[in-house]
Every structure is written in structure tokens, then in C-alpha cells.
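*Asks:* There's a structure below that I have some questions on.
The values are calculated or read from the model by the stated rules, or taken from the named source; none is laboratory data. In this text, all values refer to a predicted model and were calculated from it rather than measured experimentally. In this analysis, Cβ positions are derived from the backbone assuming ideal geometry, glycine residues included, and neighbour counts consider all displayed protein chains. All accessible areas refer to the heavy atoms of the entire protein, side chains included, with ligands and DNA or RNA removed. Shrake-Rupley method; radii C 1.70, N 1.55, O 1.52, S 1.80 Å.
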Amino acid sequence: IADSLLQHLYRWVSSPASPLHDPGLQRLLLGLQHKLFLQLCAEVRRLGAVIVAANTHSITLCTGKRSVKAAAGYTRFLIEALRGRELFRWLELSPAAWYHAYMYRDPYNWAGLESSAAGAEWR
């Protein structure tokens, strides 16, 4: 029950129709979410990955590895290292796609040569 309450807390606080609606509490929660996101990005950089793009829903990383198999192994290491920290233990992180080559300009202008082999290796 406590997990369900935490998952829906922000929605309840931010909805004007909710009895828990409070703009001050909503700003406080947004600030805490932003601080957690910045700490996550700093930890990923500390572990050696380069963040190409990041928002609260996804993080695009450059691992610097030559093969997709090596990148999958490094990503596995990153996720396990993040789960080892108390602050990030509850985050559900999983890779969505692997690319041999990736060009990025902004969230709307990017292209990549996707690899289908690494996704099967991960699972």
C-alpha cells in the first residue's frame, strides 16, 4: 500500500481536483525530483559514461565502447552500480535500444543505426 501511495503522490498533489492539492508542496516535490535527477546524472558521469541527452523520462548515453556487446556489458555494470547506492535503489532502469552509430542534435533531430542483437543479450 505504501508503494502505491508513493507512486501516486505527485499526481494527487498536482491535480487541482484532488483534496491533497497544494501548490507549495508541488513545488517542493518538483525541486526534490530535480535534485535526484541531477544526482543521478552526476553519478552516471562519475562512473564514466557520457550523457548525450537526458530528461526525467530517459537518458541517452555514450559508453565509448566499440562493440554493442561491450556497451551492453558496460550498461549492465552501470545499472548494477546505481542499484547498489541507497539513493537510486528504487529506480527501475533498463536499456531501451542499442545503436552502432548515433547522431544527435536535439530531441527532435537525431538518427541512429539500431542494433537488434544487444537487446536479446540483455534479457
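*Asks:* Give the residue, chosen from 123, 11, 76, that is open to solvent by 50 Å² or more (accessible area, probe 1.4 Å), modelled with pLDDT of 90 or more and charged (D, E, K, R).
*Replies:* Being open to solvent by 50 Å² or more (accessible area, probe 1.4 Å), modelled with pLDDT of 90 or more and charged (D, E, K, R) holds for just one of 123, 11, 76, which is 76.
*Asks:* State yes or no: is residue 99 surrounded by 14 or more Cβ atoms within 10 Å (Cβ to Cβ) and in contact with a Gly (Cβ under 6 Å, 6 or more places away or on another chain)?
*Replies:* Yes: the conditions hold for residue 99.
*Asks:* While we're looking at this one, here's another question. Name the residue that is farthest from residue 2 (Cα to Cα), counting only residues in region 78-107 that are part of a helix (DSSP H, G or I) and in contact (Cβ under 8 Å) with a residue 24 or more places away in the chain.
*Replies:* Top of the filtered list is 78.
*Asks:* Right, here's the next one. Condition check: surrounded by 12 or more Cβ atoms within 10 Å (Cβ to Cβ) and modelled with pLDDT under 90. Does residue 52 satisfy that?
*Replies:* Criteria not met by residue 52.
*Asks:* Has region 8-29 got any residue that is of a type in the set (Phe, Trp, Tyr), in a helix (DSSP H, G or I) and in contact with a helix residue (DSSP H, G or I) (Cβ under 6 Å, 6 or more places away or on another chain)?
*Replies:* The answer is yes, given that some residue of region 8-29 is of a type in the set (Phe, Trp, Tyr), in a helix (DSSP H, G or I) and in contact with a helix residue (DSSP H, G or I) (Cβ under 6 Å, 6 or more places away or on another chain).
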